[in-house]
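Enquirer: Got a structure for you, written out below as structure tokens; questions coming shortly.
The values are calculated or read from the model by the stated rules, or taken from the named source; none is laboratory data. None of these values were measured; they are calculated from a predicted model. Cβ: placed from backbone, ideal geometry, glycine included. Neighbour counts: every protein chain shown. Side chains are part of the model used for accessible areas, which takes the heavy atoms of the whole protein and leaves out ligands, DNA and RNA. Shrake-Rupley method; radii C 1.70, N 1.55, O 1.52, S 1.80 Å.
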Amino acid sequence: AGGMQVVQKKGEPRFPKKDLQAKFLQSPDFQADGDNYRIVACDEKGRVSVTNLEGADFKLGLEVGKKQAVKFAFADVTGDERKDYIALSGADLAVFFYEKSSFKKAFKHQFGEAQDAVFEVAWARRKAFVGTVCEAKSQISLLDGQGKLLPQFPLAGTTGFSIVDLLGDGKPVVVVGNGQSVVAYSLE
């Protein structure tokens with residue numbers, strides 16, 4: 001609905017309710033570790049509101065594609081332990097990060113088809129990968145921290161996915177829904 005209210009453990013407001021006056025295609029996300037405490041909300045045009053635990057905030061603009069129907073994820077893709085800003089608009093994806101106090105684009109990637117979702121994919125406590133789903137082609141994709149599509153991708157799939165050690169042998173396996181089935185792909 002465009003409003004954000006943050007409460008403390010006992011239910012009292014941490015700071016006054018914020019009216020962000022925008023449409024959001026996903027829930028806000030957060031980082032709460034070390035010196036990095038922030039709540040982030042990205043609207044459908046790629047405008048991000050970053051709020052600290054005292055209620056102070058600032059805005060960022062994510063330049064991605066046509067900045068329409070922007071999907072957003074917040075994950076450490078670059079590997080510096082500070083979460084990065086992942087934005088998807090149609091077939092265009094871009095990842096932004098902070099280098100000290102400078103906000104920069106880490107990489108951009110253009111898919112052949114519009115993607116319907118973007119999300120963090122974790123594996124074995126390393127930095128995160130970027131996962132996407134293309135419903136029109138029933139395909140999933142996985143990008144590394146430099147924006148390169150991993151060699152075995154795209155794969156067939158219609159849902160978000162995870163990478164797990166399914167067989168207990170330390171080898172990564174992608175688990176994804178594909179229509180009415182669940183599929184497991186062994187990665188090399």
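Enquirer: Of the conditions (1) among the aromatic types (Phe, Trp, Tyr); (2) open to solvent by less than 30 Å² (accessible area, probe 1.4 Å); (3) under 16 Å from Phe30 (Cα atoms), Phe97 fails just one. Which one is it?
Expert: (2)
Enquirer: Quick check: anything in the stretch 101-112 farther than 23 Å from Phe30 by Cβ, assigned to a loop (DSSP other than H, G, I, E, B) and open to solvent by 40 Å² or more (accessible area, probe 1.4 Å)? Explain how you work it out, then say what you get.
Expert: Within the stretch 101-112, the subset farther than 23 Å from Phe30 by Cβ is 107-112.
Okay, now just the ones that are also assigned to a loop (DSSP other than H, G, I, E, B), so 111-112.
Right, trim to open to solvent by 40 Å² or more (accessible area, probe 1.4 Å) and you get 112.
Checked the stretch 101-112: at least one residue is farther than 23 Å from Phe30 by Cβ, assigned to a loop (DSSP other than H, G, I, E, B) and open to solvent by 40 Å² or more (accessible area, probe 1.4 Å).
Enquirer: Another question, if that's okay. Which condition from (1) in contact with a Phe, Trp or Tyr (Cβ under 6 Å, 6 or more places away or on another chain); (2) farther than 30 Å from Ala91 by Cβ is the one that Gly34 breaks?
Expert: (1)
Enquirer: Further question on the same structure: Please list, ordered by first then second residue, the pairs with beta carbon atoms under 7 Å, 6 or more apart or interchain, first in the stretch 118-130 and within 19 Å of Pro28 (Cβ to Cβ), second of a type in the set (Asp, Glu) and outside any loop (DSSP other than H, G, I, E, B).
Expert: The qualifying pairs are Ala128/Glu120.
Enquirer: Kindly evaluate Ala184 against the criterion of being closer than 24 Å to Val50 by Cβ, aliphatic (A, V, I, L, M), modelled with pLDDT of 95 or more and out of contact with any helix residue (DSSP H, G or I) (no Cβ under 9 Å at 6 or more places or on another chain). Lay out the reasoning, then the answer.
Expert: Details: closer than 24 Å to Val50 by Cβ: no; aliphatic (A, V, I, L, M): yes; modelled with pLDDT of 95 or more: yes; out of contact with any helix residue (DSSP H, G or I) (no Cβ under 9 Å at 6 or more places or on another chain): yes.
So Ala184 fails the test.
Enquirer: Residues in the stretch 40-66 that are open to solvent by less than 30 Å² (accessible area, probe 1.4 Å) and either more than 19 Å from the chain's Cα centre (by Cα) or not polar (S, T, N, Q) (or both): how many?
Expert: Going residue by residue through the stretch 40-66, those that are open to solvent by less than 30 Å² (accessible area, probe 1.4 Å) are 40-43, 46, 48-51, 55, 60, 62, 64.
Pick out the ones that are also either more than 19 Å from the chain's Cα centre (by Cα) or not polar (S, T, N, Q) (or both) and you get 40-43, 46, 48, 50, 55, 60, 62, 64.
So the count comes out to 11.
Enquirer: Now for a separate question. Would it be correct to say that Gly90 is open to solvent by 10 Å² or more (accessible area, probe 1.4 Å) and either at pLDDT 95 or above or among the β-branched types (Val, Ile, Thr) (or both)?
Expert: On the way: open to solvent by 10 Å² or more (accessible area, probe 1.4 Å): yes; either at pLDDT 95 or above or among the β-branched types (Val, Ile, Thr) (or both): yes.
Criteria met by Gly90.
Enquirer: Could I ask something else about it? Mind checking which pairs have a first residue in the stretch 4-23 that is closer than 16 Å to Phe58 by Cα and a second that is polar (S, T, N, Q), Cβ under 6 Å, 6 or more apart or different chains?
Expert: Close Cβ pairs satisfying both conditions: Lys17/Gln5; Leu20/Ser49.
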